[in-house]
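Here is the structure we will look at, set down as structure tokens.
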Amino acid sequence: MKIGRFGALLAPVALAIATLSGCSKPANPIEDMMIANPDEWPSWGRTGSEAHYSPLDEIDTGNVADLKLAWHYDLESGYSASTPLMAEGKVFLTTGHSHIRALDAVSGKLLWEYDGGTRERATSSMGLGWGSKGIAYSNGHVFLVTTDGFVVSLDAATGKEAWKVQDAPADGAPRQYNGTPRVFGGKVIVGFGGADISAARGFVTAYDEKTGKQIWRFYSVPGDEPNAGGAKANDLMAKSWPGGWKKPDGSRRGGGGTAWNAFSYDSELGLIYLGLGNGFPYNQKLRNPEGGDNLFLSSIVAVKADTGEYVWHYQLCPAEQWDCTATTDMTLATIPVDGSPRKVLMQAPKNGFFYVIDRQTGKLINEPGKIAKVTWAEKIDFATGRPVESPGIRYNGKPGLFEMWPGPTGAHSWMPQAYSPKTGLVYVPVQDMGAMIGEGQAGGGELGGGMGTTLIPEVDLPGGHKSYLKAWDPVAQKERWRVDLPGSWPAGVMTTSGGLVFQGRMDGKFVAYDAMTGKEVWSFQTESPIVGAPISYRMNGKQYITVITGAGGQGAGMQSLGNAALRTDYRLPRRVLTFAIGGTDAIPPFAYTEPQPPADPDYKPNAALAQAGAMKFGMNACLVCHGWNAVASGAAPDLRHSPVITDAATFKAVVKGGALKLNGMPPFPQVSDDDLETIRFFLRTRALQVPAERKALADRAKAQAASAAKPADFVGKWKIVIQTSAGPQEAVLDIAANGNALTGKATASQGSVDLTGKVENGRAKLEGRASLPFPIAVTYDVTVRDGQMTGDNTNGAFGTFPVSGTR
């Protein structure tokens, strides 16, 4: 790594500044590895501490109002939810499918670009899906991992390949490489994903950064291949998978533990920390009927950097079966514990707890606190380190679905948190989103073949679809402040020595907050949402802030309904934006035209066919990119607006034939022609519902306003229309009142549901139970104005839909 001209002096100066800071409490020690070369940002989290912290302080709370756009660079449509790098006076970034650019850090001028070739080469949707979240830099080279598994070293001066190796073994297992590689101690660290659809054995590989030669490979679950983890790791895994991992025919019955996102590095201890993922199948009774903790699923594992040998582990969710992972970023820092400095690892994983772990031993430092709504466990027992699970969360052999908070996208997903030693706080992008989960149902509804689990992730539950930026005190395990954010998909975070926290938002706003108070002190309106994290660097004595705009990065098509009211169109301009004090650039105005559904004069309604199409749309993974209920959220085009859906031949050429593969749409030749037409009919149905849904979103804000309706205003029979994803559904709502208490019945062609509820603040809220074949909750939240009923109907986990009606 190149040493900047201030690098040798900055560490002691930064310590002095931290000691003299005007914060309301003493600053925490700043470790040398957190400072490194302050002028550059060569890695995903800037250094191996993964703190997303810049020691630069030219831009601070006193002058941030003078922060202006210095330069911008326009990008093509495609995946851009990524974090850039800066080194050698260049900003490096990845967008689309393994497309790399180098821009001049002062002017934004394009210096070189490289195409990883994934779109031409990939043969599966996994190999082509989405794009990479980031790249790495070290010693004059840029490192990337293509989504189909090639690890590549590029000359940072020219963009020419220095070496290239394939990480994936030739076993045919579906894998996806969309995480960020790291370069720690001369080794390129690489992981992958895919444990949601395959029992493939998870592993992490270290390559020599100069030659590309494989140095070690750590396997995270049992198997036959030699494991760099050593005898102790293999013994721990074997004991925690009683009965073994093989079926009688010798094939693998259980696997997972993939490391697709999170790695950290302590150069002083010589340890690399691996954040490992969920198991396959989700249902443990299928994965390992004999039980056990199933190490190293959902675990943080420390290994020796030079050899990959196991040192210690901490498992977040023993015997995980809820897509519980430890794949969110792990921040290394020194914090005061009982009056003494302790070297810790801090993680806010998907399961909703905040963990502070001794990074030398793997032991808990204090009892984890809850950063979001958590119902799957009461607490984490400090003495054992194990969760005190809530009754019913082990769904095996039990009927129905269970409400689970957080859902599979987690209280915190892959978007990075940030830590400031100046404040001692960790800044976490948090979301509140529940899910419904249960054992695979005999009548259908299972998530993926062989998973043994019914999981409906995009559930419109009360209190859900919310996101926040939370400042968390890791010593006290308490929230110090929060900012409520628009939408349900919070962006990555960066903090600086200038007392600032930077974060983008789904409403296209880039914001700086006071790191101590959470007060908004600066903002810039972009044309597009922001999901990736910003960075900061210094050139010629001037500090810059850079961020890439563009929505994306949602897992399994989730987090789309919660952003439906925001402008997240895939076509919105994607840009690299760089700011500095006194910048003079400006982005050109963008004339946005609201997309319209295509004309479809031959369409004839068929609710049953549309419902079947909705199931096929989900089971064939269409929702992974195009959104729950086909409501896209910027990760890919919104198919409700595509003219392709009105022509059977064109639709087949795209979906089965791969006509748009070079645009990023993988072919799905396995889909039958009948299923293809059923999916197309569902999309045609959804397209015709767009105008009504837009009106409903506008009406919803009005309907949520205070109402003067009394219980008597709701009494009687109401003819209602519910705008469902399968088309308008007519029903009769018959309501009686006794004081504020309500009883009633909803009757439709599919059957009837008994309802109970009450009137609060002018709104009637009723709930009942139905079966599909598994039990679901049916709720109404309605009000009456001028003889008209308006509001929402929620059908379990299948969505919340507008209701309108008259007596």
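The values are calculated or read from the model by the stated rules, or taken from the named source; none is laboratory data. Owing to the predicted nature of the structure, the values given are computational and were not obtained by experimental measurement. As a convention, Cβ positions derive from the backbone with ideal geometry for all residues, glycine included, and neighbour counts pool all protein chains shown. The protein model used for the area step is the full one, side chains on, heavy atoms only, and it has no ligands, DNA or RNA in it. Shrake-Rupley method; radii C 1.70, N 1.55, O 1.52, S 1.80 Å.
Of all the numbered requirements in (1) closer than 16 Å to Asp196 by Cα; (2) modelled with pLDDT of 95 or more, Thr328 misses one, and that requirement is (1). When Gly557, Gly553 are checked against the criterion of being outside any strand (DSSP E or B), within 19 Å of Gln689 (Cβ to Cβ), under 19 Å from the mean Cα position of the chain (by Cα) and modelled with pLDDT under 80, Gly557 stands alone in meeting it. Against the list (1) in contact with a strand residue (DSSP E or B) (Cβ under 9 Å, 6 or more places away or on another chain); (2) surrounded by fewer than 20 Cβ atoms within 10 Å (Cβ to Cβ), the condition Arg567 fails is (1).
Take the conditions aromatic (Phe, Trp, Tyr), surrounded by 17 or more Cβ atoms within 10 Å (Cβ to Cβ), in contact with a strand residue (DSSP E or B) (Cβ under 9 Å, 6 or more places away or on another chain) and within 29 Å of Cys625 (Cβ to Cβ) and apply them to Phe579. Does it pass? So Phe579 does not fit the description; no. Of the strands (runs of 3 or more DSSP E) that lie entirely inside the range 433-526, those containing 1 or more residues that are open to solvent by less than 20 Å² (accessible area, probe 1.4 Å) and of a type in the set (D, E, K, R) span 466-473.
Name the residue that is farthest from Asp266 (Cα to Cα), counting only residues in the range 27-48 that are hydrophobic (A, V, I, L, M, F, W, C) and either open to solvent by 10 Å² or more (accessible area, probe 1.4 Å) or assigned to a loop (DSSP other than H, G, I, E, B) (or both).
Here the residue is Ala27.
Considering every residue within the range 230-240, establish whether at least one is assigned to a loop (DSSP other than H, G, I, E, B) and either at pLDDT 95 or above or open to solvent by less than 20 Å² (accessible area, probe 1.4 Å) (or both).
Going residue by residue through the range 230-240, those that are assigned to a loop (DSSP other than H, G, I, E, B) are none.
Checked against the condition, which is being assigned to a loop (DSSP other than H, G, I, E, B) and either at pLDDT 95 or above or open to solvent by less than 20 Å² (accessible area, probe 1.4 Å) (or both), the range 230-240 yields no hits at all.
If I ask for residues that are of a type in the set (D, E, K, R) and modelled with pLDDT of 80 or more, which ones from the range 680-733 would you list? Residues satisfying the conditions are Arg680, Arg684, Arg686, Lys710, Asp713, Lys717, Lys719, Glu730. Within the range 370-428, the set of residues being β-branched (Val, Ile, Thr), assigned to a strand (DSSP E or B) and under 20 Å from the mean Cα position of the chain (by Cα) comprises Val426, Val428.
Mind listing just one residue for me: the one in the range 152-170 that is open to solvent by less than 60 Å² (accessible area, probe 1.4 Å) and assigned to a loop (DSSP other than H, G, I, E, B) and, of those, farthest from Trp112 (Cα to Cα)? Top of the filtered list is Pro169. Looking across the range 108-137, just one residue is at pLDDT below 75, farther than 18 Å from Ala551 by Cα, open to solvent by 20 Å² or more (accessible area, probe 1.4 Å) and of a type outside the set (S, T, N, Q), and that is Met126. Note on the range 316-336: residues that are open to solvent by less than 20 Å² (accessible area, probe 1.4 Å) and in a strand (DSSP E or B) amount to 6. Among the residues in the range 187-194, are any modelled with pLDDT under 90, outside any loop (DSSP other than H, G, I, E, B) and of a type outside the set (Phe, Trp, Tyr)? No, every residue in the range 187-194 fails to be modelled with pLDDT under 90, outside any loop (DSSP other than H, G, I, E, B) and of a type outside the set (Phe, Trp, Tyr). Restricted to the range 370-426, and to residues there that are among the basic types (Lys, Arg) and either in contact (Cβ under 8 Å) with a residue 60 or more places away in the chain or in contact with a Pro (Cβ under 6 Å, 6 or more places away or on another chain) (or both), the residue that is least open to solvent (accessible area, probe 1.4 Å) is Lys422. Checked against (1) under 25 Å from Tyr265 (Cα atoms); (2) open to solvent by less than 10 Å² (accessible area, probe 1.4 Å), Asp306 meets all criteria but (2). Within the range 317-358, being within 22 Å of Leu236 (Cα to Cα) and free of Cβ contacts under 8 Å to residues at least 40 places away in the same chain holds for Ala319, Asp358. Taking the range 713-735 as the range and being out of contact with any Gly (no Cβ under 6 Å at 6 or more places or on another chain), open to solvent by 50 Å² or more (accessible area, probe 1.4 Å) and closer than 22 Å to Arg769 by Cβ as the test, the residues that pass are Lys717, Glu730, Val732. As a summary of the residue check, Thr334 satisfies the conditions (1) closer than 22 Å to Tyr282 by Cα; (2) out of contact with any Gly (no Cβ under 7 Å at 6 or more places or on another chain) except for the one numbered (1). Arg287 passes every criterion in (1) open to solvent by 10 Å² or more (accessible area, probe 1.4 Å); (2) modelled with pLDDT under 95; (3) under 25 Å from Asn227 (Cβ atoms) apart from (1). If you go through the range 139-151 and pick out every residue that is touching an Asp or Glu at 6+ places or on another chain (Cβ under 6 Å) and either crowded, with 24+ Cβ neighbours inside 10 Å or without any contact (Cβ under 8 Å) to a residue 60 or more places away in the chain (or both), you end up with 1. Any residue at all in the range 72-84 that's open to solvent by less than 10 Å² (accessible area, probe 1.4 Å), touching a residue at least 12 places away in the same chain (Cβ under 8 Å), part of a strand (DSSP E or B) and in contact with a strand residue (DSSP E or B) (Cβ under 9 Å, 6 or more places away or on another chain)? No, every residue in the range 72-84 fails to be open to solvent by less than 10 Å² (accessible area, probe 1.4 Å), touching a residue at least 12 places away in the same chain (Cβ under 8 Å), part of a strand (DSSP E or B) and in contact with a strand residue (DSSP E or B) (Cβ under 9 Å, 6 or more places away or on another chain).
Quick one: in the range 85-99, which of the residues that are open to solvent by 10 Å² or more (accessible area, probe 1.4 Å) and assigned to a loop (DSSP other than H, G, I, E, B) is nearest to Val142 (Cα to Cα)?
Narrowing the range 85-99 to residues open to solvent by 10 Å² or more (accessible area, probe 1.4 Å): 88-90, 97, 99.
From what is left, the residues that are assigned to a loop (DSSP other than H, G, I, E, B) are 88-89, 97.
Working: Glu88: 11, Gly89: 13, His97: 16 Å.
So, considering only residues that are open to solvent by 10 Å² or more (accessible area, probe 1.4 Å) and assigned to a loop (DSSP other than H, G, I, E, B), the one nearest to Val142 (Cα to Cα) is Glu88.
On the given criteria, is Asp638 touching a helix residue (DSSP H, G or I) at 6+ places or on another chain (Cβ under 9 Å), in contact (Cβ under 8 Å) with a residue 40 or more places away in the chain and among the acidic types (Asp, Glu)?
yes
Hey, among Thr211, Thr258, Thr180, which residue is loosely packed, with under 15 Cβ neighbours inside 10 Å and either modelled with pLDDT of 95 or more or not in a strand (DSSP E or B) (or both)? Before the answer, list the steps.
Values: Thr258 fails: loosely packed, with under 15 Cβ neighbours inside 10 Å; Thr180 fails: loosely packed, with under 15 Cβ neighbours inside 10 Å.
One residue alone meets the criteria, Thr211.
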